[in-house]
1. Take residue 58 and decide whether it is surrounded by 17 or more Cβ atoms within 10 Å (Cβ to Cβ) and either in the same structural domain as residue 206 (by TED's automatic domain parsing) or not in a loop (DSSP other than H, G, I, E, B) (or both).
2. In the set 171, 180, which member is within 14 Å of the chain's Cα centre (by Cα), at pLDDT below 95 and outside the structural domain of residue 62 (by TED's automatic domain parsing)?
3. Under 9 Å between Cβ atoms, which residue pairs at least 6 apart in sequence (or on different chains) link something in the stretch 49-78 that is modelled with pLDDT under 95 and hydroxyl-bearing (Ser, Thr, Tyr) with a partner that is crowded, with 17+ Cβ neighbours inside 10 Å and in a strand (DSSP E or B)?
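The values are calculated or read from the model by the stated rules, or taken from the named source; none is laboratory data. Note that the coordinates shown come from a computational prediction; the quantities given were computed from them, not determined experimentally. Reconstructed Cβ throughout: ideal geometry from the backbone, glycine too, with neighbour counts over all protein chains shown.
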Amino acid sequence: MAENVAEVTSQAGLPAHEQVYRSLREVVLFGALTPGEPVTIQGLVERLGAGMTPVREAIRRLTAEGALQAMGNRRIQVPVLTAALVEELTEVRLALEPRLAMRAADRANAEDVARLAAIDAQLDQAIQRGDIEGYLRENHRFHACLNEMAEAPIMTALADSLWLRFGPSLRVVCGQVGTRHLPDCHKDLVRALAAGDGAMAARAIEEDLAQGMDVVLSSL
């Protein structure tokens, strides 16, 4: 089914090329393209309901970000993670995301905590339904919301770019083990933010991402 950028109301007012980039970014981020599966540029044009030029530009940007890989013959693919890459991604995330969680705990107010708890409740519902798409989106939204609370745009941008590299593999993991068998330390994180406890928040995110990346590693 075409993901027509004109129908993405949240992107209203953005230039067409930016709409296409964000739409293709979501296709990659949430695993709609299986790592290692080649797709044609024309296929993406049809999928996104967009023109060739903005799709090429979106591909160029995502390739520069390491989310896509040119294969020649006008084909591209989402890179396949190796054990070494997963270990490196884990190391970088462990260096970055606990610091963001600590900053978030220092800055979060009651409204922020309630918003994060509401996202976690929707995540729980997706897990209970076995809704892989819902799980992936709500899990990403939880982490993005947490990082936004840190008020550290440079670190947040780095963390978000890392999701493009391991996000597609999460879809594969969900297909293998289901949503109910995935680790989730989010409630500890919400409690830490409610208490303004930065150290507790850092420990919770460390455990959450370490367990999650271990599951990705074991699926290779």
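1. Yes, satisfied.
2. The match here is 171.
3. none
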